[in-house]
1. Only one of these conditions is not met by T123: (1) open to solvent by 50 Å² or more (accessible area, probe 1.4 Å); (2) in contact with a helix residue (DSSP H, G or I) (Cβ under 9 Å, 6 or more places away or on another chain); (3) of a type outside the set (F, W, Y). Which number is it?
2. Among the residues of the stretch 129-149, what is the count of those that are open to solvent by less than 40 Å² (accessible area, probe 1.4 Å), in contact (Cβ under 8 Å) with a residue 40 or more places away in the chain and either of a type in the set (V, I, T) or in a loop (DSSP other than H, G, I, E, B) (or both)?
3. What is the number of the single condition among (1) open to solvent by 70 Å² or more (accessible area, probe 1.4 Å); (2) within 25 Å of the chain's Cα centre (by Cα) that A60 does not meet?
4. From (1) under 12 Å from N125 (Cα atoms); (2) outside any loop (DSSP other than H, G, I, E, B); (3) modelled with pLDDT under 95, pick out the condition that doesn't hold for G99.
5. Please go through the stretch 141-158 and pick out each residue that is farther than 24 Å from I66 by Cβ and in contact with a Phe, Trp or Tyr (Cβ under 7 Å, 6 or more places away or on another chain).
6. Return the residues of the stretch 150-171 that are outside any strand (DSSP E or B) and open to solvent by 10 Å² or more (accessible area, probe 1.4 Å); say none if nothing qualifies.
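The values are calculated or read from the model by the stated rules, or taken from the named source; none is laboratory data. Just so it is clear, the structure is predicted and the values come from calculations on it, not from any experiment. A quick note on method: Cβ atoms are made from the backbone with ideal geometry, for glycine too, and the neighbour counts reach across all protein chains shown. In case anyone asks, the SASA skips ligands and DNA or RNA and just uses the protein heavy atoms, side chains included. Shrake-Rupley method; radii C 1.70, N 1.55, O 1.52, S 1.80 Å.
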Amino acid sequence: MKANVLLSSCFMLTLLSACAPKVPPPAPAPPPPAETAAPAPLPGPRPLSDWRDMPLNPGAWRWATIVGQSTATFAQAGLAPQVTLTCAAPGSVQLIHAGSITGATPMGVTTSAGTFPLMAEPTANGAAVTLPARAPVLDAMATSRGRFVIEIAGQVPSYLPSWPEVARVVEDCR
């Protein structure tokens, strides 16, 4: 009898479950959105951290014989020279950089061959250094790969092209 009651209870549950509304299976989840690759950023300007990357100062070298002395000047047209190289005496080249200094001031010349520390003295035309015509810095300026830089403490560096006028003064002075 217990088996009949159990059987009839199972039968009743089956009938009741047939009357219940059917729940549809859950809808499949939508596919994830297609990943679109972000466009690669455009390269920005390269930082100018190396003196060889800096733009050259505006102007040009000119060579002339001034008062019997071989002289190369770097200047913009119509303006005073920014840099002057003069064969001051046989075997002696004077480098003058425009600007005002009050006493002996460190000056550096950097070329593709290296950096040359110098000490500039004040003159009426700027900061001056007198060098032997065979000083390695002069050859380095004349043969530097396209440019060299002159730096004076407290002033903006000058990025200058390495043109033949520099070599002409040095050779004329030797």
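1. Status for T123: all satisfied but (2).
2. Result for the stretch 129-149: 3.
3. Exception for A60: condition (1).
4. Result: G99 fails condition (2) only.
5. R147, V149
6. Scanning the stretch 150-171 gives A153, G154, Q155, V156, P157, S162, W163, P164, E165, A167, R168, E171.
Yes/no matrix, rows are residues, columns are (1) hydroxyl-bearing (S, T, Y); (2) in contact (Cβ under 8 Å) with a residue 24 or more places away in the chain; (3) open to solvent by 20 Å² or more (accessible area, probe 1.4 Å); (4) at negative phi:
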{"site": "W51", "(1), (2), (3), (4)": "no, yes, yes, yes"}
{"site": "T65", "(1), (2), (3), (4)": "yes, no, yes, yes"}
{"site": "T71", "(1), (2), (3), (4)": "yes, yes, no, yes"}
{"site": "G78", "(1), (2), (3), (4)": "no, no, yes, no"}
{"site": "A88", "(1), (2), (3), (4)": "no, yes, yes, yes"}
{"site": "V93", "(1), (2), (3), (4)": "no, yes, no, yes"}
{"site": "A98", "(1), (2), (3), (4)": "no, yes, yes, yes"}
{"site": "T102", "(1), (2), (3), (4)": "yes, no, yes, yes"}
{"site": "G108", "(1), (2), (3), (4)": "no, yes, no, yes"}
